[in-house]
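*Asks:* Let me begin by handing over the structure; questions about it come next.
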Amino acid sequence: MTSFNRYFIGLFLISIQLFAQKPAFEVVPLGIKGGVDEANLSAYLVAPINTHDYICLDAGTINAGIEKAISNKVFNVPASEVLRKYIKGYCISHAHLDHVSGLIINSPADSSKTVYATKKCMEMMEKHYFNGETWANFGDEGPGFQLKKYHFQTLTFGEETKINNTAMTVKAFPLSHVNSFESTAFLIQNGNDAILYLGDTGPDSVEKSNHLSELWKAVTPLLQQKRLRGIFIEVSFPNEQPDTSLFGHLTPNHLMKELHKLEEMAGKGTLKNFKIIITHLKPPSQNIVKIKEQLQKGNDLGVVLIFPEQGKRFEL
């Protein structure tokens with residue numbers, strides 16, 4: 001082989017590598033924690049790269065997160081414009097307040113858009129929040145006078161649904177959060193690329209469930225084809241938390257056991273350098289430090305652990 005041929009083969013391989021690494025999504029965390037910090041609760045803006053067509057995955061904190069992103073120069077428009085124009089809709093994993101309070105509080109200032117949730121989650125939001133009593137019903141279903149600002153769209157498990165005013169779709173999968181209480185995982189797809197976002201979930205072994213195993217089975221082909229760009233998954237407590245007091249959450253050890261199950265299905269080495277975004281870390285701060293240390297120490301799969309920061313943009 002001539003040096004000329006080797007040169008162009010090298011360029012070709014480099015170009016292939018660069019193309020494969022081209023990001024498909026941008027993420028702006030509006031809130032990253034579980035627990036007591038009402039200004040920093042689970043909410044993640046996700047959009048196709050180089051667009052402002054965001055879906056908000058959970059909505060524990062909205063305005064405070066937008067203001068934080070503006071202070072970090074992620075957005076150069078007022079917070080009201082991000083809320084009303086950039087956020088195209090909300091996917092709510094479950095109706096616990098730390099995942100919906102931002103949606104409720106900001107609804108009077110919001111624009112018309114779609115709220116996506118499974119049947120049980122939607123029924124809880126309509127019955128307990130958007131009911132004309134605890135809060136005005138800003139939706140187009142449920143009790144009380146319907147203001148019809150939000151379109152409440154019920155998701156069917158395993159069925160792909162277009163996210164309005166974006167190029168993305170969503171597919172919902174069941175999770176178990178405190179035994180029989182239902183939470184949701186969302187598979188968000190943008191063309192051939194996807195991310196997986198999990199709401200609160202306990203491990204199958206503690207929840208006496210097979211929901212995580214079934215979820216791993218569903219996303220295994222995407223992982224094998226390198227179409228899955230990352231998994232957002234919670235770790236709420238350090239390893240010292242006993243299984244009897246997990247309350248439907250994960251520890252570092254339980255997360256790694258679940259990821260080993262995923263690798264067994266997808267093939268050895270498939271998770272090496274794969275991005276795992278850690279969500280829902282619960283205060284106090286010493287616990288958060290301990291969780292991060294335990295995750296790094298137990299990372300025998302070689303995944304890339306990402307600990308998002310409120311208002312700081314990253315790409316997948």
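The values are calculated or read from the model by the stated rules, or taken from the named source; none is laboratory data. Source: prediction; values computed, not measured. Counting neighbours? That spans all protein chains shown, and the Cβs are built from the backbone with ideal geometry, glycine included.
*Asks:* Looking only at residues in the stretch 203-218 that are in contact (Cβ under 8 Å) with a residue 40 or more places away in the chain and under 22 Å from Val170 (Cβ atoms), which one is surrounded by the most Cβ atoms within 10 Å (Cβ to Cβ)?
*Replies:* Applying the filter and picking the extreme gives Leu212.
*Asks:* On to the next question. Search the stretch 117-138 for residues being touching a residue at least 60 places away in the same chain (Cβ under 8 Å) and surrounded by 19 or more Cβ atoms within 10 Å (Cβ to Cβ), and hand back the single one that is farthest from Asn165 (Cα to Cα).
*Replies:* Cys121
*Asks:* Consider Ile188 against the criteria (1) β-branched (Val, Ile, Thr); (2) part of a loop (DSSP other than H, G, I, E, B); (3) modelled with pLDDT of 95 or more: it satisfies all of them except one. Which criterion is unmet?
*Replies:* Unmet condition: (2).
*Asks:* How many of the residues making up the stretch 38-60 are under 20 Å from Val235 (Cβ atoms) and in contact (Cβ under 8 Å) with a residue 60 or more places away in the chain?
*Replies:* Of the residues in the stretch 38-60, 7 are under 20 Å from Val235 (Cβ atoms) and in contact (Cβ under 8 Å) with a residue 60 or more places away in the chain.
*Asks:* Touching a Pro at 6+ places or on another chain (Cβ under 9 Å) and over 18 Å from Thr184 (Cβ atoms): is that true of Phe145 in this structure?
*Replies:* The answer is no for Phe145.
*Asks:* Taking the options Pro242, Pro252, name whichever one is crowded, with 17+ Cβ neighbours inside 10 Å and either more than 17 Å from the chain's Cα centre (by Cα) or not basic (Lys, Arg) (or both).
*Replies:* Just one listed residue meets the conditions, Pro252.
*Asks:* Kindly indicate whether any position in the stretch 290-299 is part of a loop (DSSP other than H, G, I, E, B), in contact (Cβ under 8 Å) with a residue 24 or more places away in the chain and not hydrophobic (A, V, I, L, M, F, W, C).
*Replies:* yes
*Asks:* Which of the residues that make up the stretch 40-57 are closer than 21 Å to Lys292 by Cβ and out of contact with any Asp or Glu (no Cβ under 6 Å at 6 or more places or on another chain)?
*Replies:* Passing the criteria: Asn40, Tyr44.
*Asks:* OK, next. Could you go through the stretch 258-267 and let me know if any residue there is within 26 Å of Glu26 (Cβ to Cβ), assigned to a helix (DSSP H, G or I) and among the small types (Gly, Ala, Ser).
*Replies:* Yes - at least one qualifying residue is present in the stretch 258-267.
*Asks:* Continuing with this model, one more query. Do we have any residue at all in the stretch 199-208 that's within 26 Å of Glu293 (Cα to Cα), of a type in the set (S, T, N, Q), in a loop (DSSP other than H, G, I, E, B) and in contact with a Leu (Cβ under 9 Å, 6 or more places away or on another chain)?
*Replies:* yes
*Asks:* I'd like the full set of residues that are under 22 Å from Val46 (Cβ atoms) and either among the acidic types (Asp, Glu) or not in a strand (DSSP E or B) (or both), limited to the stretch 170-181.
*Replies:* Correct list: His177 only.
*Asks:* Would you mind stating whether Thr154 is hydroxyl-bearing (Ser, Thr, Tyr), in contact with a helix residue (DSSP H, G or I) (Cβ under 6 Å, 6 or more places away or on another chain) and more than 25 Å from Pro308 (Cα to Cα)?
*Replies:* yes
*Asks:* Okay, moving on. Looking at Ser236 and the list (1) in a helix (DSSP H, G or I); (2) buried (at least 21 other Cβ atoms within 10 Å of the Cβ); (3) hydroxyl-bearing (Ser, Thr, Tyr), which single condition is not satisfied?
*Replies:* (1)
*Asks:* Give the number of residues within the stretch 226-279 that are hydroxyl-bearing (Ser, Thr, Tyr) and free of Cβ contacts under 8 Å to residues at least 12 places away in the same chain.
*Replies:* Total satisfying the criteria: 2.
*Asks:* Considering (1) of a type in the set (Val, Ile, Thr); (2) crowded, with 20+ Cβ neighbours inside 10 Å; (3) in contact with a helix residue (DSSP H, G or I) (Cβ under 8 Å, 6 or more places away or on another chain), say which one Thr270 fails and leave the rest.
*Replies:* (2)
*Asks:* On to the next question. Specify which of the listed residues (Gly102, Gly35, Gly65, Gly89) is in contact (Cβ under 8 Å) with a residue 24 or more places away in the chain, under 26 Å from Ile278 (Cα atoms) and assigned to a loop (DSSP other than H, G, I, E, B).
*Replies:* Going through Gly102, Gly35, Gly65, Gly89 in turn, just one is in contact (Cβ under 8 Å) with a residue 24 or more places away in the chain, under 26 Å from Ile278 (Cα atoms) and assigned to a loop (DSSP other than H, G, I, E, B): Gly35.
*Asks:* Report yes if Leu223 is of a type outside the set (Gly, Ala, Ser) and over 21 Å from Asp98 (Cβ atoms), otherwise no.
*Replies:* yes
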